[in-house]
1. Considering only residues that are within 53 Å of the chain's Cα centre (by Cα) and small (Gly, Ala, Ser), look in segment B:451-502 and name the one that is surrounded by the fewest Cβ atoms within 10 Å (Cβ to Cβ).
2. B:Pro658 - would you say it is over 30 Å from B:Lys431 (Cβ atoms), touching a strand residue (DSSP E or B) at 6+ places or on another chain (Cβ under 7 Å) and in a loop (DSSP other than H, G, I, E, B)?
3. What is the residue count in segment B:614-627 for residues that are farther than 23 Å from B:Phe522 by Cα, out of contact with any Gly (no Cβ under 7 Å at 6 or more places or on another chain) and open to solvent by 40 Å² or more (accessible area, probe 1.4 Å)?
4. Here is a list: A:Leu101, A:Leu79. Which entry is within 14 Å of chain B (Cβ to nearest Cβ), part of a strand (DSSP E or B) and either in contact with a Lys or Arg (Cβ under 6 Å, 6 or more places away or on another chain) or not hydroxyl-bearing (Ser, Thr, Tyr) (or both)?
5. Would you confirm whether or not segment B:633-642 contains a residue that is more than 60 Å from the chain's Cα centre (by Cα), outside any strand (DSSP E or B) and small (Gly, Ala, Ser)?
6. Would you please list the contacts, defined by Cβ atoms under 7 Å and residues six or more apart or on different chains, that run from a residue in segment B:63-76 that is over 17 Å from B:Lys35 (Cβ atoms) to a residue that is crowded, with 19+ Cβ neighbours inside 10 Å and modelled with pLDDT of 80 or more?
7. Based on what the data block shows, is B:Asp649 in a strand (DSSP E or B), at negative phi and surrounded by fewer than 21 Cβ atoms within 10 Å (Cβ to Cβ)?
8. So in segment B:722-752, with the set limited to residues that are surrounded by 20 or more Cβ atoms within 10 Å (Cβ to Cβ) and under 21 Å from B:Thr819 (Cβ atoms), which one is modelled with the lowest pLDDT?
Amino acid sequence: MSDRRRLNGPAGTTSPPVFALSKSSTKSSQKRTRKPNELRKIFLQTGVVPSATGSAYLELESPPESKPGLLNTSSTLKLSCSVHGPKPLPRTASFSPNLQLSASVKFAPFATCVRQGYIRDSTERDIGMHLETALKGVVIPDRWPKSAIEIAVTVLEGEDDQVDGDRIGGVGLFNLLAGCINVSMAALADARVDCLDLLAAGVGAVVPGPGKPFRVLDPASIEHDLILASCLVGYLPSRDEIVEIWSNGSVSNLGRDEDIGFDGLVDSAVAAARGSQTVIKEVLIESLTRTEVGAEKLPNDGMNDVDMNT
Amino acid sequence: MSNRRVKSLAIDEDDYDDFEDYDDDDDEDLSPEDKEQLRQGTIKVREALGSAFPSTDKEIHESLWHYYYDVGKTVTYLKSTASNTEAFIHLLTQSGQHKSPGTPAKTKKEEPTSKLSTSYCPTALPRTYQTDRGGHDGLQATISHKNADGDQEFTSSTIPSIQFSAAEFFKDCPWLRIPENRKAEILIEPLYPRLGLLGGASTGGKMSKLAALAAKRRQKEGERSESTATSSAESQDGYTARLNKLRISVDNRAKPVAGREADTPRKTGVGVRPDSEVTEQLNEQHRSEPSSDVGTVVSSDLSISVEPCIRGRPSPFASIMTSHDADIRLSASPDLLALGEIAKSFDFTEPSPDDVVRGAQNPKAATPAKAKAKEPAKAKSTGLAQGVQQLSVQETPKVKSKNIDVLAEYKKVKRKKAANFVVIGHVDAGKSTLMGRLLFDLKAVDERTMDKYRKEAERIGKGSFAFAWVLDQGTEERERGVTIDIATNKFETDKTNFTILDAPGHRDFVPNMIAGASQADFAVLVIDASTGNFESGLKGQTKEHALLVRSIGVQRIIVAVNKMDAVDWSQGRFEEISQQMSAFLTSAGFQSKNVTFVPCSGLEGGNILEKPSNPKASWYAGPTLVEELDQSEPSTYALDKPLRMTINDVFRGSMQNPLSVSGRIEAGNVQVGEHVVVMPSGERAQIRSLEVDDEPQDWAVAGQNVVINLTDIDPIHLKTGDVLCSGVSPILNVREFKAKVLAFDHITPMNIEVHKGRLHVPGRIGQLIGLLDKSTGTILKKKPKIVQPGSVVRVVVQLDQPVPLEAPSRVILRANGETVAAGLLE
């Protein structure tokens, strides 16, 4: 009878429930079945957001069997990107002779195993900054003075790094950023923004092999127990330029093998980027032909639609 | 590497030359008859064998030569040869045999049993191309083995490779004494192009299974085999293409150097290596057991090149989200179209179904009105502005008008009389003190407040100002001891509700006094009776104020002769003042019956509410000041005229009423919910609520002091001096007007300031039309250059900005801080 104005907690102590892991979920680490040089299959589609100037959707192939366990870790990636602009700068902004590019990455609350709020966290800001750097290297900004373009990537499903589904980091982050760059490039192309080249990003890594460490392309973090070094590049294939590079781990002390140095690591990432670029190219050509077909069909429909009694 | 290849070619050519010497000899030996026989025999053999038989002219020539042109034997020989060698040469295309010039030429020269030579070739004759083939086959097997982990080009492993045996290979060589030339060949030849082996269908002829398969594959992935073979041999193309395929995928990065490397046969997984290593590498591969070491090397190199087909299928989620199936979309669209054709588009000019029903229900009234209402488009086309205005009026009925008949309501209500009076007079005549005393005596100010004022006033050494502080609320006013702006206060007697407008007496604040006086029904002119002060006042603001209030339209004036205590309530002094003032006021235009004189003392409180207690004032038997005030006749107002109200103040009333204006209604009436127009801005506003004398009311009429809370208007359109008027007949903004004015000073065409209530705008007298007679109004002199003070003149006044003014209103013209004229707008 002490305090009846508030909702008091129980008098005694309670302990939160602890759930034991089931057998299936504890050892759900899938081994890599792909070849070292085989990328995960990429699905890409442009023009998914009608209100945006340009948009694209990218997802990585899901693993064929996904056992529904308590802790369902996935190595897939689902990204949607929309490009708004180029639009005139707000009147309050100072004059700029170049296109002001801004890119942002946002995780959907359900993107990772651990739900998160709508608050922008450091991971998003970090990836957004890298993405912006990469994209600034490919667009030709002086084509649009006094304008701004906004690129917004939404992560619908992100790669989970560990089995316990912690926040994204490490190779998962690299794969995510690579996906972001690829999908943004497709969306930029869909928005008809002038670019130097078709930017593509890829991830390469060095993993400990049976004998000595070897290189793999597009490493998925749950497929490897240990990753010695990883590297992401944003790469312009026809210019042979790197616009963004981010590497992790150390390759210098891997042993006597001179084949895998830092250059080798970057080479593998570049190769992965080349592979991704083939998909982007293919998809863009496909969408172009589709829109052309659509454009041919449109006039007839338009004639029917406009015919209104006024 | 390329130079090495050239070298090897050169060696080959040397070899060919050796054999071709023979050939040349043979050809020379052949007589024309032989040649003719050979030709005819060939034709016959071809007929016998059939066109499909894989044999060349040369073979046939050889056989014919051996069998001395016996067609039958040749045919059987060829057939048997074909069946015998099938195990070996079904891998070899016809072109391959074509490209092996050495063997047939040689067999031709040797014994007829050389029909087995082909089969023995690998062992007995380790000639260039056979060695080459063996090496390649071995290599092929190794590679295919290595790629066996899932490579789609796995088919190459189906090639039945020849089991390579070093013992056989070196059978005719002495141990460790291999001829130099052969050593060289072994070292070099593995790099030699395979020349159309492995089903390369670069030349005509029947395709083997492998060739067909390869061709199909090549066709499929044709665009990716970007080999730029520029060498003379056309089979080089096919070869390089296949080599590229063997390399699991095309390394695009190799493109810059492709011109060199495509010509160069490069081993898969070996890359560019020193020459000495090639043999070792080959030997390793011959053993066809890929050590883990080699495997790692290969795989790490392979890891640079990417699997080509990485385009994935959409997940169910993606396929829904992107509607990837174009078929669905296409099939859907005709349906929509069909639907559109079925559904008849509604013709909006016709009455809606609802209208039809309602029209049927009340056939008389509905249709025309409805049609009008339903056709905003038409209304717009006829009178756009009108239509828009109507819409705006109809669309915002936020505050509902009660549609009160204000005049009828006003007549019903029996009310106390209400009167506004302005207190005027020279500075320090004691106006504020008199009024403070009046309010105090009437209990409008309680004792406690008064005590507080007294204490505070004494503290700053101005004890006599205590009563003035009742009205002078501003700190500056209190410090300086002068009234600056109009102060209003209310009190009531038994008969009347009074509103005091305490005007400033200082000449600097005459505009404020005009503003106050314009709201007054009558005036109380306070005069300082003390010696010298009355005289100075008569020259100063006593005179000016009297003239001003008369010009504004005030007819009744009460002259309160103040500070009688200072002159010991001297009757002589009072009468002196009365005489002088009545003379002046009559000249100013006041009728003598409207002028009354009351002696009083503000500071002592004599003869204000009660008769003076001072025995020296016993001579006075007239009414007290309050009694005199009560005598005031209520003035009549034009209640049925359109609304006019000059805004006295704009302020934020409360949270509910963010925009309020106060003032006195000059004409007409107003009620809650009514739409009014604010001039000169011309903005419309709606009346949200009304307060008359601090009490909420639904309506108000002319003569009342009201606070009006407005909505639907931006505060920037409102300022003091603006006129609130009815929306039906708004007051007009004018830039120029004619006025009949009384000159207080010399008037010439000059810059002036026009005052009307709170409104004051700069302008100038543009023209003096004529001098008028004061009593009759006839024109005495047209277009005078200058007008003397005291005369009446008709002038044209031009204003700098349009202001709301209309005909029967009184204006005051001032220049340089002095009133120069006052008059009536015409």
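The values are calculated or read from the model by the stated rules, or taken from the named source; none is laboratory data. Quick caveat, the model's predicted, so the values are computed rather than measured. Glycine also receives a Cβ, built like all others from the backbone with ideal geometry; neighbour counts cover every protein chain displayed. Just the protein is used for accessible areas: all its heavy atoms, side chains included, with ligands, DNA and RNA removed. Shrake-Rupley method; radii C 1.70, N 1.55, O 1.52, S 1.80 Å.
1. B:Gly474
2. Numbers: over 30 Å from B:Lys431 (Cβ atoms): yes; touching a strand residue (DSSP E or B) at 6+ places or on another chain (Cβ under 7 Å): no; in a loop (DSSP other than H, G, I, E, B): yes.
Considered against the rule, which asks whether it is over 30 Å from B:Lys431 (Cβ atoms), touching a strand residue (DSSP E or B) at 6+ places or on another chain (Cβ under 7 Å) and in a loop (DSSP other than H, G, I, E, B), B:Pro658 comes out as no.
3. Pass one, segment B:614-627, residues farther than 23 Å from B:Phe522 by Cα: B:614-621.
Restricting the remaining residues to those that are out of contact with any Gly (no Cβ under 7 Å at 6 or more places or on another chain) gives B:615-616, B:618-621.
Adding the requirement that they be open to solvent by 40 Å² or more (accessible area, probe 1.4 Å) leaves B:615-616, B:618-619, B:621.
Qualifying residue count for the region: 5.
4. On the way: A:Leu101 fails: within 14 Å of chain B (Cβ to nearest Cβ).
Within the list A:Leu101, A:Leu79, the selection yields A:Leu79.
5. At the first step, the residues of segment B:633-642 found to be more than 60 Å from the chain's Cα centre (by Cα) are B:633-634.
Remaining after also requiring outside any strand (DSSP E or B): B:633-634.
Next, from what is left, pick out any that are small (Gly, Ala, Ser): none.
Scanning segment B:633-642 turns up no residue that is more than 60 Å from the chain's Cα centre (by Cα), outside any strand (DSSP E or B) and small (Gly, Ala, Ser).
6. Qualifying pairs under 7 Å: B:Val75/B:Val45.
7. On the way: in a strand (DSSP E or B): yes; at negative phi: yes; surrounded by fewer than 21 Cβ atoms within 10 Å (Cβ to Cβ): yes.
Yes, satisfied.
8. Residues of segment B:722-752 that are surrounded by 20 or more Cβ atoms within 10 Å (Cβ to Cβ), as a first pass: B:722-726, B:730-731, B:737, B:739, B:741-744, B:747, B:752.
Checking the rest, the ones that are also under 21 Å from B:Thr819 (Cβ atoms) come to B:737, B:739, B:741-744, B:747, B:752.
Details: B:Phe737: 86, B:Ala739: 85, B:Val741: 82, B:Leu742: 80, B:Ala743: 81, B:Phe744: 77, B:Ile747: 83, B:Ile752: 87.
In this case the residue turns out to be B:Phe744.
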